[in-house]
1. Using a 10 angstrom Cβ neighbour count of at most 15 plus a DSSP loop assignment to flag exposed chymotrypsin sites (Phe, Trp or Tyr not before Pro), which longest range of chain B is free of such sites?
2. Cross-link partners among lysines for B:Lys189, C-alpha distance below 25 Å, same-chain residues fewer than 8 apart left out?
3. Taking the Cβ of B:Cys180 as the center, what net charge do the other residues with Cβ under 9 Å away carry, scoring Lys and Arg +1 and Asp and Glu -1?
4. Scan segment B:73-150 for GluC sites (Glu not before Pro) in coil per DSSP, keeping those whose Cβ has at most 13 other Cβ atoms within 10 Å, and list them by number.
5. Compute the relative contact order of chain A as a whole-number percentage, counting only Cα pairs closer than 8 Å that sit 6 or more residues apart in sequence.
6. Where in chain A are the helices, taken as whole DSSP H runs, whose Cα atoms extend 27 angstrom or more along the long axis and whose Kyte-Doolittle mean reaches at least 1.6?
7. Rounded, prolate or oblate: pick one for segment B:125-171, where a ≥ b ≥ c are the square roots of the eigenvalues of its C-alpha gyration tensor, a/c under 1.5 means rounded, and failing that, prolate if a/b is larger than b/c, else oblate.
8. Could you work out the local net charge near B:Asp250, counting Lys and Arg as +1, Asp and Glu as -1, over the other residues with Cβ closer than 12 Å to its Cβ?
Amino acid sequence: MNAFDPRERPPLISLRGLRRFYGQGAARVHALDGVDLDIAPGEFIAIMGASGSGKSTCMNIIGCLDRPTAGSYEFSGVDVTRLSNDGRALLRRNYLGFVFQGFNLLPRTTALENVELPLVYRGMKRAERERRAAEALKAVGLEGRESHTPGELSGGQQQRVAIARAIVTDPLVLLADEPTGNLDSARSHELMKLVTDLNTVRGITVIMVTHENDIAAYAGRKVVFADGQIKSDVRVAA
Amino acid sequence: MIWESVKLALRTIRRNVLRSILTLLGIVIGVAAVIALVTIGEGAQSKMTSELSKLGSNMLIARPGAPTSGPPTGGESRSFSERDVDALRNGLTGVRAMAASSSKQVKVIYGTASQDTQVTGTEPSFFDTQDWAFTSGGTFSESDARSGTAVCVIGATLVRELFQGENPLGGIIRVGAMPCEVTGTLAAKGQSAFGTDQDNTVVMPLRTYQRRIAGSTRIATIAVSGINQEVLPALQSAMAEILRETRRIDPGEEDDFTVRDMTQIAAAMSSTTSVMTGLLGAVAAVSLLVGGIGIMNIMLVSVAERTREIGIRLAIGARANQVLLQFLVEAIVLCLIGGLIGLALGYGLAALGALLLGIPMGFNVTMAAVAVVFSAVIGVVFGFFPARSAARLDPIEALRHE
């Protein structure tokens, strides 16, 4: 439960007239066709829609992995579309955390090392890195599994490692792209409890793409995409 | 960051041990070949240089036999006579020392020990022409030389083999059938360029040798040592002129003797060796290039295989340059490992070769450093293209890659 009304704070993420086209001429595909969206700090927002609706494209642009063809994207007042590749890499490194459907952990690398990775790119000292990574693993309930490799962990545990990796840098935003897509129902709900905790306790803004209604129900706001545009944007009382 | 990259590279290399070894092989063989060939070549050359100094300085050697009839045999051709030697002695200027000599293989006995030895009959000045020092005693006198006394000077090998710790001075050895008193011992010279032991020798007055050992007055060699390098060409032609006159060779007729500048021969041999070393080194360098292409190939495969990993790294905040660095460091580490193994292998082979060929082996620090640096450069050159293609990957595409 949020202790504040998100609508009263200036937006952390602000999309205006966002368009993203792929291809040229007749083969041109309008993945996003004029999207306006404000996300306030501390929100937990679920992005839904059929495949091809543009929800993943929107997620990639918010995550600074992709650039819009037209329109503006401001992150905390900074125009992201004007940033260089390195600038966007720094933004990802310092403010964003990613969780993917396919976990995307480095194989044959221990959980601790996987979680340490974003800190390595920050140039943090080894001892400090290990301390913070162990802390993050503890926060997701994986204490004692530090030296396990992804192959030795269950799907649910792997996704927890991925979450630990995403939050070890204390990001402002957690971007989750169908985080429960590869998990069974029980594991999915356990994971969502963890994500909800991160949102409420740590105040991390969560943006989650999903196509499951019961997963989306954890979010305080539900945005539905269709044909590259926002079809509905509903705030639900938690 | 670099240290992290090195650790990561080492881990990746360990994970694909077989593939890494196969990739390294090209570099290993290339570096080993270059090191081994150049080291052996340098050894051969330094041996050549030391031979050169052993020959005696600024020495011209006249031997019977025409220059065109191959190496002088001294056997069938008309040998030199005392008249030839006297004519040279009186007619030449710029001579530091001059000695006529003849040699023969003879058994030498002292007590119960015996040894087949090169016995040379010559003049007292022989030791000057050869720059040969004495460790004890001295040369036989001019009067001994004239009267043909049974005295001799022996080489270091004979001192060791025959006298075995006894003082050889004043000892009587038997040279063939002739008892002979030792008046001096010579400093060790080691092996000659042809592999014979130069210290296994007995030197006695020419007359003694002619009368008591050879039984003929033939002179096989006339050695002339010039006062310096510059006089040698003039000295060489003057010798030829005088010898043609005393030996009554008509103008237009070929010489029946040869005058050689030993320094020139040795220098020519030495430069041939260095050309060979350079050529072989160049061939070996080509294999290094091939090894580098192997590295590039494997790095490209590695980038393709790890596309997803690169996507993950980019998503969690790696900059393109950091990905570039990672793959570049991996290529460099791979090449450096190959270079170091090659270095060890190369020196191992060189040591073996030096042992078999009987040449000295030097450890050339500069070359070792160059080989290692060059390996790293190969890593940079051939690792850069694959690393750049990794750094340029689109993170979304990379993450989707299966």
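1. No qualifying site falls inside B:1-193, the longest such stretch.
2. B:Lys47, B:Lys54, B:Lys104, B:Lys107
3. Net charge around B:Cys180: +1.
4. Of the GluC sites (Glu not before Pro), the ones in loops of segment B:73-150 whose Cβ has at most 13 other Cβ atoms within 10 Å are B:Glu76.
5. With pairs under 8 Å counted, the relative contact order is 28 percent.
6. What comes out of the filter, once short or polar helices are dropped, is none.
7. oblate
8. Local charge sum for B:Asp250: -2.
Readers should treat all values here as calculations from the given coordinates under stated rules, not as data from a laboratory. Everything quoted here is computed from the prediction, not taken from an experiment. Backbone-built Cβ (ideal geometry, glycine too); neighbour counts: all protein chains shown.
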